[in-house]
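In what follows, a structure is listed as structure tokens, so that the remarks can point back to it.
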Amino acid sequence: MIFGVDYYPEHWDESEWENQARLMREGGFNTVRMGEFAWKLFEKEEGKLDFSFLDKAIDVLSKEGIKVILGTPTAAPPKWLVNKYDVLQRDKYGRKKGWGARRECCANNPDYIAKSEIIVTEMIKHYKDNPNVIAWQIDNEFGCHASTRCYCEHCRKKFGEWLEEKYGSIDNLNEKWGNVFWSLEYDSFDDIILPAYNSCEGAYGDLWSHNPALDLEFRRFSSDSWVKYQKLQIDILRKYTSAPITHNLMGHFSDIDAYDLSRDLDFVSWDNYPDNQWGDSEYEYVSMAHENMRGAKNKNFVVMEEQSGPAGWDILGSTPRPGQLRLWTYQAAAHGGEGIVYFRFRTALFGMEQYWYGVTDHDGVPRRRYYELKRTGEELQRLEKYIIGAENKYDALIVKSYDNSWGHDIKRHAAGYNYENHLYSFYKANADLNITTAVSKGGYDKYKAVYMIAYNIVNDAETAELREYVKNGGTLVLTFRSGTRDEYNRVRPLALPGVFKEMAGIEAVEFDAPRRNVSVCGGVNGTARIWCDIIEPDTAETICAYGSEYYKGKAAVTVNRYGKGRVYYIGCDLDDGAMREIVSVISKSAGIETIDAPKGVEIINRDGYKIVLNHNENAVCTGVRGRSLISGAEFDGTLEGYGAEFVVPCGP
Ligand code: GLA
Ligand code: ZN
């Protein structure tokens, strides 16, 4: 399996390369990912291509048996390129983005596209027969540094063309978008505007006012623009090589549709930094990010950048505790990671990321982190058959929808509402009950429970598919702000919850965005604060009701028998404890086993064995006993702080 490091030979004197490669080999690292920011070194002047430095580096690495994943360098355009061509993005105020970091070019800019084609073509022609190059990474982290949406004239024109292809006639677009509102009808596709600065912005706090149809389509278009830009590079590589092609995505990042972006890739890879300058992540949040990346293609993935030291740009985050790098490695494996590359082998002496520590420090001397990874690598090679191609036994699915992510961001419903957090609250509750939970879309029949959280923008085909799933015995979980919009982001002329009303067997006759605690009691007890649907059950039963406000006694959460299955409707947000209670009720009725383990213990189900992770600093008794697949010895259930085990359980 791929057990590697991200490496930047261009940051080190050539005289150091051999020693670094030797240390890599001795540490058990068999792969490096490199090249993705070295455009200027490859093309010092326009059209003068020279890959000799990379040739030498690959050569040095290959002498130590280390293979290479090459990145195309298009995330970091050289200065000559931006001097000569106007390739930089425009922000929503029309300002040109400054050069000096990376990822500043526009995906629809013809010059950037042309220059990208040249560098990628030259690179693949040069390396197509090099046996040490085992895979390709396209570019680096599309969308990072808030670069998904550009407001330049190229984008505006392309957007018009994109819309013309979709809507056919401008009258159709005007009608679908409701452009009669405020006299916004266009006369032709040339008139199309971008949702940039307008008279409403700034007038009302951070309210950002454009027609929600325009805004949603622009987000779809911008996402598509990067998918297309990526495809252009993939097509070039494909002409010359059959080596697998990937891109390093960003876990929870939602500006670009990860289903679309990964469709053209052979495998998904992604970059995982649990604890950094911007804060420490809850372990469930990291697990969900892994699942999101596995679910993007419904296929195992590689972690292309895994945190390997304290990390930050100007201030540092916490230092990974002894055992934590190993734990994070197993956490990735537990969610479908079948290769891992640590960022970065040696910490940079210069540049923006002097404080983004790697496997070794500035002096390059192996210390605790290096030796921990070395041991981890040795274990992993033994566990390979439990990692490559391994599949979890998923009981539940959380449906991640990019349309809905964007739609909820455009119209946020209530102070404090956030779709991504809403999804996460359900993932976390499932994870805390140790339910093996996927994050993806479609294929509902594989799961005992399907969570369609705030599924607001929904089309008829999706509704029909869900109906079938429930009729055949599935358990569907719906929440407030579902079923009320069509694919053009228009509100449907229906009572709440819109297209799901019949399935849910209820009507939400009123709602409240209370901004104060509202108690919820009955089968589940807790507090809502952001949103309360006031529910009149029709065929549904009430699980719990509100305990305060003018709607005291009205239903808050219901369940409806529908065909052979059940539809739960959760009309309000709930605190963590109440979330666990409701997910536990749902799981019981759906025949999903929950495991009550100590806090911070994560248990993942596989055929014949379990992966058990202890995210706590202290040892705990996990309750899972059996034989360890790592050591072969008996496992009595006790995991040391930050410990991890693959366990074949004995007995019940
Ligand atoms: C991202 C990038 C890397 C590096 C790291 C650390 O994941 O892909 O190039 O910048 O973050 O900041
Ligand atoms: Zn642009």
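Remark: C-alpha extents of region 85-239 on the principal axes read 61, 35, 25 Å, sorted largest to smallest. All other residues whose Cβ lies under 9 angstrom from that of Gly317 are scored, Lys and Arg at +1 and Asp and Glu at -1, for a net of -2. The separation of region 56-118 from region 171-242, counted between C-alpha centres, amounts to 24 Å.
Here the extension length gained between Ala101 and Ser631 equals 186.2 nm, from 0.36 nm per residue of separation less the Cα-Cα distance. Projected label points at Asn174 and Leu232, each 7 Å from Cα along the beta carbon direction, are separated by 3.3 nanometres.
Region 578-652 and region 362-395 have their alpha-carbon centroids 20 Å apart. In percent, rounded to a whole number, the relative contact order of region 90-244 is 36, using alpha-carbon pairs under 8 Å and six or more apart.
Ignoring lysines fewer than eight residues from Lys128 along the same chain, the ones with Cα atoms less than 17 angstrom from its Cα are Lys56, Lys67, Lys239. Computed over the alpha carbons of region 62-155, Rg followed by Dmax gives 15.5, 52 Å. Of the residues Trp278, Ser225, Ile256, the one whose Cα sits farthest towards the positive end of the charge dipole of region 203-314 is Ser225 (charges of +1 on Lys and Arg Cβ, -1 on Asp and Glu Cβ, taken about the Cα centre). Around the Cα centre of region 494-617, unit charges on the Cβ atoms of Lys, Arg, Asp and Glu (plus for the first two, minus for the last two) sum to a dipole of about 160 debye.
Count the lysine pairs in region 359-460 that are 8 or more places apart or on different chains: how many have C-alpha atoms under 25 angstrom apart? Count of close lysine pairs: 17. Fully extending the segment from Asp111 to Glu161, taken as 0.36 nm per residue of separation minus the present Cα-Cα distance, adds 16.1 nm.
Please give, to one decimal in nm, the separation of the simple spin-label points placed at Glu502 and Asp576, each 7 Å out from Cα toward the Cβ. Result: 4.1 nm between the two label points. Packing, taken as the mean count of other beta carbons within 10 Å per residue, orders the peptides 39-46, 533-540 from highest to lowest as 533-540, 39-46.
DSSP bridge analysis restricted to region 224-319 gives an antiparallel fraction near 25%, rounded to the nearest 5.
Relative to the current alpha-carbon distance between Glu10 and Lys471, full extension at 0.36 nm per residue lengthens the span by 160.0 nm.
Among Arg149, Arg33, Arg102, the ranking by other beta carbons within 10 Å of each residue's beta carbon, starting with the fewest, stands as Arg102, Arg149, Arg33. Computed from point charges on the beta carbon alone (+1 for Lys and Arg, -1 for Asp and Glu), the dipole magnitude for region 283-365 about its Cα centre is near 260 Debye. Annotation note: chymotrypsin sites (Phe, Trp or Tyr not before Pro) in region 313-418 located in DSSP loop regions with a Cβ neighbour count of at most 16 within 10 Å are Trp313, Phe350. The simple spin-label model puts a point 7 Å past each Cα toward its Cβ; for Ser209 and Asn459 those points are separated by 3.1 nm. Over region 434-533, the Kirkwood radius and the radius of gyration, each from Cα atoms, give a ratio Rg/Rh of 0.99. For the chain, the fraction of C-alpha pairs farther apart than 39 angstrom is 36 percent. Per q in 0.11, 0.16, 0.21 1/Å, what log10 I(q)/I(0) does a Debye calculation on the alpha-carbon atoms of region 532-642 return? After summing over all Cα pairs, the log10 values are -0.55, -0.83, -1.09.
Estimate the FRET efficiency between Thr319 and Asp191 by the formula 1/(1 + (r/R0)^6), using the beta-carbon distance for r and 51 Å for R0, to the nearest 0.05. It comes out at approximately 0.40.
No value in this document is a laboratory result; all are computed from the given coordinates. From a predicted model like this one, the values you see are computed outputs, not experimental measurements. Don't worry about glycine lacking a Cβ; one is built from the backbone with ideal geometry, like all the others, and counts go over all protein chains shown.
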